[in-house]
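**Q** The structure's right below; bear with me while I get my questions together.
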Amino acid sequence: MGKFAIHPVLQEIAGIFIRHGKQVFLVGGAVRDLIRGRRAQDWDLATDALPEEVIALFPRVIPTGIKHGTVTVRFKGRSLEVTTYRTESGYHDGRRPDQVTYTERIEEDLSRRDFTMNAIALPLPRGPMVDPFNGVGDIKKNLIRAVGNPQERFAEDGLRPLRAVRFAAQMGFDVEEATLAAIPSALGTTEKVSPERIRDELDKILASPQPSRAFLLMEWTGLLELLLPELSRCRNIEQKGFHRFDVLDHSLLACDAAAREEAPHLVRLAALLHDIGKPLSRARDDAGIWTFYQHEQVSANLSRELLTRLRYPNGIIQTVVHLIREHMFHYESNWSEGAVRRFIIRVGEEHLEHLYRLRRADAYGTAGQVPPPDFLLPLTRRVDAVLAKNQALSLKDLAVSGKDLIALGIQPGPPMGRILTALLEAVVEDPDLNHKETLLVIAGNLQEQYS
Ligand code: ATP
Ligand code: MG
């Protein structure tokens with residue numbers, strides 16, 4: 001056809017298959033991308049060659065999923081997933097097929113795939129596309145449609161409903177009516193999917209242009225209540241004051257507004273979850289107005305549970321929970337320099353930029369419009385001024401060390417820790433105190449108090 005520009009490296013790989021009498025097709029996301037006029041991201045190939053044959057064809061092959069007929073070929077700095085044509089059967093746990101059977105026809109392989117747009121094969125090095133389910137037509141209509149009977153396909157693999165809404169957010173597509181309608185009755189199968197696979201989809205949703213598209217589809221189909229019930233309970237939690245939206249819409253707007261980041265999507269995760277404690281901390285004050293005292297603490301605790309349940313790595317959990325806990329800071333122009341220093345210490349210098357971004361996203365989600373560009377400037381200016389002075393902000397910046405205190409006769413252990421912390425507090429309040437002689441005098445006085 002010559003219609004698509006096939007990368008020379010891909011041509012070269014195809015040549016190796018063809019010379020050995022094997023068929024090879026580009027499949028999956030790469031074909032989707034080409035049809036949509038985008039450059040293909042990663043390459044998935046399908047072939048009639050058995051995994052052992054593929055291993056024999058290339059010098060560097062990793063048997064990544066050999067039980068399911070998939071190997072990874074490393075070639076000229078690239079990694080390609082190569083899968084032998086196969087059919088699947090007996091999805092007893094709603095996760096992985098019990099049985100994989102190789103087949104000789106690409107059409108059969110395509111029929112096990114999830115959506116019509118993902119069931120198109122482009123023969124290499126050239127030839128007419130194989131598109132038995134009119135995936136090209138659905139791509140033109142921006143539609144995500146299950147291959148065959150959606151109910152049956154979702155019952156085979158409970159991840160598919162989540163993949164559908166994830167693709168909707170990634171590509172800005174709609175989920176076709178019958179496909180969408182089949183999701184609620186598949187929730188029991190989705191419930192059995194491993195948390196890691198759910199998390200990977202959530203990460204892809206967060207990396208998409210408009211995550212709310214997926215989350216609203218999840219709400220509509222019951223996926224949200226199943227997988228992120230803390231968020232689903234934020235629906236119809238009304239707020240007053242400056243807020244225009246209920247807590248769920250506010251959270252989704254904030255998540256969309258947070259700039260897309262490289263993984264991990266710390267700010268988007270924090271924006272999505274920053275208010276999930278509100279339904280639990282809501283109370284009316286004497287005037288009958290809703291209040292949400294301490295909701296940042298409740299949100300932080302619930303987020304820790306949620307992210308742990310989804311098997312997020314500890315480092316990510318800690319940062320996201322920290323950002324959520326700190327998201328309610330209220331800067332006032334009468335803050336002393338000490339107050340600015342304490343703010344920096346509490347947030348941590350490395351998290352300042354993330355927290356500013358979270359606050360901007362939060363403001364967007366409150367008003368439904370972009371906050372003015374100088375919205376945080378009064379605070380950031382003062383923070384930057386303090387940082388430029390290189391004053392002591394942590395124990396290692398103190399002009400005395402534990403050794404100096406030992407020389408004073410203070411024993412290492414909790415009392416010394418308390419003294420060092422007290423010295424830091426004094427220095428944060430008044431940086432001029434950060435001289436060895438001065439601090440030793442203060443330490444001497446504290447020694448009596450603390451021992
Ligand atoms: P992306 O790489 O952007 O996530 P993709 O379509 O390439 O999109 P992969 O997960 O890489 O998705 O899978 C490659 C192909 O394998 C898909 O296009 C689809 O044909 C098939 N596939 C993947 N997961 C499933 C599944 N759970 N059920 C059925 N087919 C699937
Ligand atoms: Mg892919």
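The values are calculated or read from the model by the stated rules, or taken from the named source; none is laboratory data. These numbers were taken from a predicted model, which means no experiment stands behind them. Note that each Cβ is placed from the backbone with ideal geometry, even for glycine, and that neighbours are counted across all protein chains shown. Accessible surface areas use protein heavy atoms only, side chains included; no ligands, DNA or RNA. Shrake-Rupley method; radii C 1.70, N 1.55, O 1.52, S 1.80 Å.
**Q** Does at least one position in segment 150-160 carry a residue that is closer than 23 Å to T87 by Cβ, open to solvent by 20 Å² or more (accessible area, probe 1.4 Å) and not in a helix (DSSP H, G or I)?
**A** No; the residues of segment 150-160 include none that is closer than 23 Å to T87 by Cβ, open to solvent by 20 Å² or more (accessible area, probe 1.4 Å) and not in a helix (DSSP H, G or I).
**Q** In segment 23-50, what count of residues is obtained for those that are open to solvent by 50 Å² or more (accessible area, probe 1.4 Å), away from ligand 1 (no atom under 12 Å from the Cβ) and closer than 22 Å to R86 by Cα?
**A** 2
**Q** Looking at segment 1-41 only, could you name the residues that are within 15 Å of ligand 2 (Cβ to nearest atom), of a type in the set (A, V, I, L, M, F, W, C) and under 22 Å from I144 (Cβ atoms)?
**A** Of everything in segment 1-41, those that are within 15 Å of ligand 2 (Cβ to nearest atom), of a type in the set (A, V, I, L, M, F, W, C) and under 22 Å from I144 (Cβ atoms) turn out to be F25, L26, V27, A30, V31, L34, I35, A40.
**Q** Starting from residues that are under 16 Å from L377 (Cβ atoms) and within 31 Å of the chain's Cα centre (by Cα), keep the ones in segment 324-339 and report whichever is least open to solvent (accessible area, probe 1.4 Å).
**A** Among them, the one singled out is F329.
**Q** When segment 67-82 is examined, which residues are found to be at negative phi and away from ligand 1 (no atom under 16 Å from the Cβ)?
**A** R74, F75, listed by residue number.
**Q** Let me ask something else. For segment 222-247, which positions are under 18 Å from the mean Cα position of the chain (by Cα) and open to solvent by less than 10 Å² (accessible area, probe 1.4 Å)?
**A** L223, L224, L228, L231 - these are the residues of segment 222-247 that are under 18 Å from the mean Cα position of the chain (by Cα) and open to solvent by less than 10 Å² (accessible area, probe 1.4 Å).
**Q** Going by the conditions given, is D174 farther than 20 Å from A300 by Cβ, within 13 Å of the chain's Cα centre (by Cα), open to solvent by 20 Å² or more (accessible area, probe 1.4 Å) and modelled with pLDDT of 95 or more?
**A** no
**Q** Could you tell me which numbered condition D44 fails, if it satisfies all but one of (1) in contact with a Gly (Cβ under 6 Å, 6 or more places away or on another chain); (2) more than 16 Å from ligand 2 (Cβ to nearest atom)?
**A** Checking D44 against (1) in contact with a Gly (Cβ under 6 Å, 6 or more places away or on another chain); (2) more than 16 Å from ligand 2 (Cβ to nearest atom), the one that fails is (2).
**Q** Only residues in segment 256-279 that are of a type outside the set (D, E) count as the first member; pair them with residues that are in a loop (DSSP other than H, G, I, E, B) and open to solvent by less than 10 Å² (accessible area, probe 1.4 Å), Cβ under 7 angstrom, at least 6 apart or cross-chain, and list the lot.
**A** What qualifies is V267/A258; R268/A258; A271/A258; H274/H327; I276/C234; K278/C234; P279/C234.
**Q** Continuing with this model, one more query. Looking at segment 118-133 only, could you name the residues that are outside any loop (DSSP other than H, G, I, E, B) and aliphatic (A, V, I, L, M)?
**A** Within segment 118-133, A121, L122, V130 qualify.
**Q** In segment 372-429, which residue that is in contact (Cβ under 8 Å) with a residue 24 or more places away in the chain and of a type in the set (S, T, Y) is surrounded by the most Cβ atoms within 10 Å (Cβ to Cβ)?
**A** Of everything passing the filter in segment 372-429, T380 is surrounded by the most Cβ atoms within 10 Å (Cβ to Cβ).
**Q** Look at I18 and say whether it is among the aliphatic types (A, V, I, L, M), over 27 Å from the mean Cα position of the chain (by Cα), more than 23 Å from V136 (Cα to Cα) and not assigned by TED's automatic domain parsing to the domain that holds E156.
**A** yes
**Q** Taking only segment 1-22 into account, find how many residues are open to solvent by less than 70 Å² (accessible area, probe 1.4 Å) and assigned to a helix (DSSP H, G or I).
**A** So the count comes out to 8.
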